[in-house]
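Read through the structure below, which is laid out as structure tokens, and then see the notes.
The values are calculated or read from the model by the stated rules, or taken from the named source; none is laboratory data. Computed from a predicted model, the values in this text were never measured in an experiment. Here the Cβ positions follow ideal geometry from the backbone for every residue, glycine too, while neighbour counts run over all protein chains shown. Ligands, DNA and RNA are stripped out before the accessible areas are found, and what is left, the full protein with its side chains, is counted by its heavy atoms. Shrake-Rupley method; radii C 1.70, N 1.55, O 1.52, S 1.80 Å.
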Amino acid sequence: MNIYIETLGCPKNFNDSEMLAGILKKHDNIIVEEPEKADVAVVNTCGFINDAKVESIDTILSMAKLKKSNKELILVVSGCLSQRYIEELYQEMPEVDILLGVNDYNSLPGLLDKLDRKRNKEKEECRIKLKNSLPDTFYDYRSRMPLENRYSRTVKIAEGCDNVCAYCVIPEIRGKFRSRKMEDIEKEAMKLAEEGCVELILIAQDVTNYGSDIYGKPMLPELLKRLSEIEEIHWIRLMYCYEDRVTDELIKVMKNEPKVCNYIDMPIQHISDNILENMRRRSTGDSIKKTIDRLRSGIPDIHIRTTFITGFPGETENDFDELYDFVSLMKLDRLGVFAYSKEENTPAGDMENQIEENVKAQRRDSIMRRQLEISLEYNLQKVGKTFEVLVEGVDEEGVYYGRTEYDAPAIDNSVIFTGNDLKPGDFVRVKIVDAYDYDLIGVME
């Protein structure tokens, strides 16, 4: 069968899609890049916040339209949305042929065969849903197939989450936190390196908690040292770190291991102690500021990325002003802001003092406007300097684009530059000659 996979949401979801692609290919299926050429269309959904759920539903409906011109098309929905709402989707979206939970990808080849047999035998529409309990094991990394590029790949070092943030449904979707064995991660990283990977992006719900469950203590520093020994790997990037678990040992390893990017993604969500407590975060405003100071002191050119939530239940004007002032004072390098999304089956969803939607959005936009000024200020400071850039592609006019070590793919800044005879995955030296809010302009040296 020809199978098309559409992935929504975070890099962890995309990692799952690569595992699914490999599983399907192993069963003699072909992964295609256009849904119109597919016998099967898979939508790997996100269901974390309301905007993501809307996007997932819209994408499913878009794929369902293809069935009008291709009556034989099989529509599969997997991922976080179907894990949360499999019964509701089954009842309300009859266009979907197979609904699958986040832990059931190994079952899809057999389900497709089963569906095909039932259709041929019964000569009528048949539907299947499957959502198993959360497993203790991980998908076999050897089945993984690259879907976009081979030079920059994620490595999922743990799954699930034991943090009980009041707004979050991840434990419900992904289960309890469980780490992979270090040897297994090393083997996957070496396999990716053999396939052409030069940038490893370590992902989990909380990478800083890696190893605590199976080794008795956080082992991220040790893992970074081991992965740094893989010759072909040039950059190692950390995503989804919890502030209270950023230890002095981790900072030391980040500083001393040249392959570990001077970049950390550390979502802190708020700075007001009142809101942090209601969110059930372990951090305080003071601990956050001290961790940022430790990072900047230990690694002078560290680029810190974070996210905030505006309009959490009970957020007062004073709470928001404190957050806005923090953004202006600390001037973090990379910043994203989400308006709070009320989710069922979460403590925050049942809280009183819910904030009006327009107020949430106004507060979000206010911070993003301030961050735009900060980003431009930092980018202007880079003019005249030379940076190592990972080439990601070239446009129709022959202009290249890529990233520095201070930028994660798809979410951070880009470097747009002139060059010659380059291919994605190459590293080049680029001198910055101009700067915009979120992009740098340069020439290859």
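Numbers at a glance
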| quantity | calculated |
| --- | --- |
| Any chance Val96 is over 16 Å from Leu20 (Cα atoms), part of a loop (DSSP other than H, G, I, E, B) and of a type in the set (A, V, I, L, M) | yes |
| Of all residues making up segment 19-42, the number that are touching a residue at least 40 places away in the same chain (Cβ under 8 Å), over 24 Å from the mean Cα position of the chain (by Cα) and surrounded by 19 or more Cβ atoms within 10 Å (Cβ to Cβ) | 1 |
| Close pairs (8 angstrom Cβ cut-off, 6 or more residues apart or separate chains): more than 14 Å from Ile157 (Cα to Cα) in segment 6-18, open to solvent by 40 Å² or more (accessible area, probe 1.4 Å) and part of a helix (DSSP H, G or I) anywhere | Thr7/Phe14; Leu8/Glu55 |
| In segment 188-198, the residues that are in a loop (DSSP other than H, G, I, E, B), out of contact with any Leu (no Cβ under 8 Å at 6 or more places or on another chain) and open to solvent by 10 Å² or more (accessible area, probe 1.4 Å) | Glu195, Gly196 |
| Near pairs, Cβ below 7 angstrom, 6+ apart or cross-chain, from segment 371-390 (of a type in the set (Ser, Thr, Tyr)) to any residue that is in a strand (DSSP E or B) | Thr386/Arg429; Thr386/Val430; Thr386/Lys431 |
| Complete set of residues in segment 53-84 that are open to solvent by 20 Å² or more (accessible area, probe 1.4 Å), farther than 27 Å from Arg117 by Cβ and in contact with a Leu (Cβ under 9 Å, 6 or more places away or on another chain) | Lys53, Glu55, Ile57, Thr59 |
| Sole exception among (1) out of contact with any Gly (no Cβ under 6 Å at 6 or more places or on another chain); (2) open to solvent by less than 70 Å² (accessible area, probe 1.4 Å); (3) at pLDDT 95 or above for Ser341, by number | (3) |
| Inter-residue pairs, beta-carbon under 8 Å, first farther than 16 Å from Gln269 by Cβ and in segment 315-328, second open to solvent by less than 10 Å² (accessible area, probe 1.4 Å) and not in a helix (DSSP H, G or I), 6+ apart | Asn318/Ser272 |
| Segment 336-362 residues that are more than 28 Å from Leu372 (Cβ to Cβ), paired with ones that are polar (S, T, N, Q) and at pLDDT below 95 (beta carbon under 9 Å, 6 or more apart) | Glu343/Asn50 |
| The one condition in (1) open to solvent by less than 30 Å² (accessible area, probe 1.4 Å); (2) out of contact with any Cys (no Cβ under 9 Å at 6 or more places or on another chain); (3) β-branched (Val, Ile, Thr) that Thr45 fails to fulfil | (2) |
| Number of the exception - Phe312 against (1) open to solvent by 10 Å² or more (accessible area, probe 1.4 Å); (2) touching a residue at least 24 places away in the same chain (Cβ under 8 Å) | (1) |
| Of all residues making up segment 102-115, the number that are open to solvent by less than 10 Å² (accessible area, probe 1.4 Å) and more than 14 Å from Met19 (Cα to Cα) | 2 |
| Residue within segment 160-172 that is open to solvent by 10 Å² or more (accessible area, probe 1.4 Å), touching a residue at least 40 places away in the same chain (Cβ under 8 Å), under 18 Å from Gly425 (Cβ atoms) and assigned to a loop (DSSP other than H, G, I, E, B) present | no |
| Residue list for segment 26-47, filter: in contact with a Gly (Cβ under 6 Å, 6 or more places away or on another chain) and outside any strand (DSSP E or B) | Cys46 |
| Count of residues meeting criterion [of a type outside the set (D, E, K, R) and either open to solvent by less than 10 Å² (accessible area, probe 1.4 Å) or in contact with a Cys (Cβ under 8 Å, 6 or more places away or on another chain) (or both)] in segment 202-220 | 9 |
| Condition met for Ile185 (closer than 30 Å to Glu317 by Cβ and crowded, with 22+ Cβ neighbours inside 10 Å) | no |
| Count - residues of segment 149-159 that are part of a loop (DSSP other than H, G, I, E, B) and within 15 Å of the chain's Cα centre (by Cα) | 1 |
